[in-house]
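First comes the structure, then the notes that go with it.
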């Protein structure tokens, strides 16, 4: 089937099996490595992408469901003109919010969506928002610090940097 959607700000058309999962299309057909295969059951968050600005688990989402949508992956967060990191990515870098990096994609993508709607979160709100993203390395304290730092960076820049 023909599939057209906007990926990281660029219109895209490709042929895809009508039963193909978005994660497989992104990784295998398009060569993107940000979204990870974790559990295959939408339980861990490693495969999270943004579909029209909302977090979606690409390991269970049929690619056909994103026809006409805007999909953002980890690769699409940095400013394409300058290469500057998205404030959430910068926050993770500054606060060393990753250990093995496997959960990183899901944490970052979920944080981007959360901060777009809650720009000045409390730690409790943030913990609640990220509760469905699993980190097996135990870097939760650093992850929380990273997202709180990202909120500061977003506030200082005066923009929400919401992605669609």
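The values are calculated or read from the model by the stated rules, or taken from the named source; none is laboratory data. As the structure is a prediction and not an experimental result, all values here were calculated from the model. Note that each Cβ is placed from the backbone with ideal geometry, even for glycine, and that neighbours are counted across all protein chains shown.
Here is how the numbers come out for the structure above:
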{"item": "Test: residue in the stretch 86-100 that is out of contact with any helix residue (DSSP H, G or I) (no Cβ under 9 Å at 6 or more places or on another chain), closer than 30 Å to residue 145 by Cβ and in the same structural domain as residue 150 (by TED's automatic domain parsing)", "result": "yes"}
{"item": "Residue selected from the stretch 136-164 under the condition crowded, with 19+ Cβ neighbours inside 10 Å and within 15 Å of the chain's Cα centre (by Cα), by the criterion modelled with the lowest pLDDT", "result": "163"}
{"item": "Positions within the stretch 1-14 being farther than 17 Å from residue 50 by Cα and either crowded, with 17+ Cβ neighbours inside 10 Å or in contact with a helix residue (DSSP H, G or I) (Cβ under 9 Å, 6 or more places away or on another chain) (or both), in sequence order", "result": "1, 3, 14"}
{"item": "Boolean, residue 114 is over 21 Å from residue 32 (Cβ atoms), assigned by TED's automatic domain parsing to the domain that holds residue 153 and surrounded by 16 or more Cβ atoms within 10 Å (Cβ to Cβ)", "result": "yes"}
{"item": "So residue 39, is it in a loop (DSSP other than H, G, I, E, B), crowded, with 19+ Cβ neighbours inside 10 Å and not assigned by TED's automatic domain parsing to the domain that holds residue 104", "result": "no"}
{"item": "Exclusive hit being in contact with a helix residue (DSSP H, G or I) (Cβ under 6 Å, 6 or more places away or on another chain) and part of a loop (DSSP other than H, G, I, E, B), set 46, 111", "result": "46"}
{"item": "Total residues in the stretch 10-22, condition in contact with a strand residue (DSSP E or B) (Cβ under 8 Å, 6 or more places away or on another chain) and under 23 Å from residue 86 (Cβ atoms)", "result": "3"}
{"item": "The lone exception for residue 18 - which of (1) at pLDDT 95 or above; (2) touching a helix residue (DSSP H, G or I) at 6+ places or on another chain (Cβ under 6 Å); (3) assigned to a loop (DSSP other than H, G, I, E, B) it fails", "result": "(1)"}
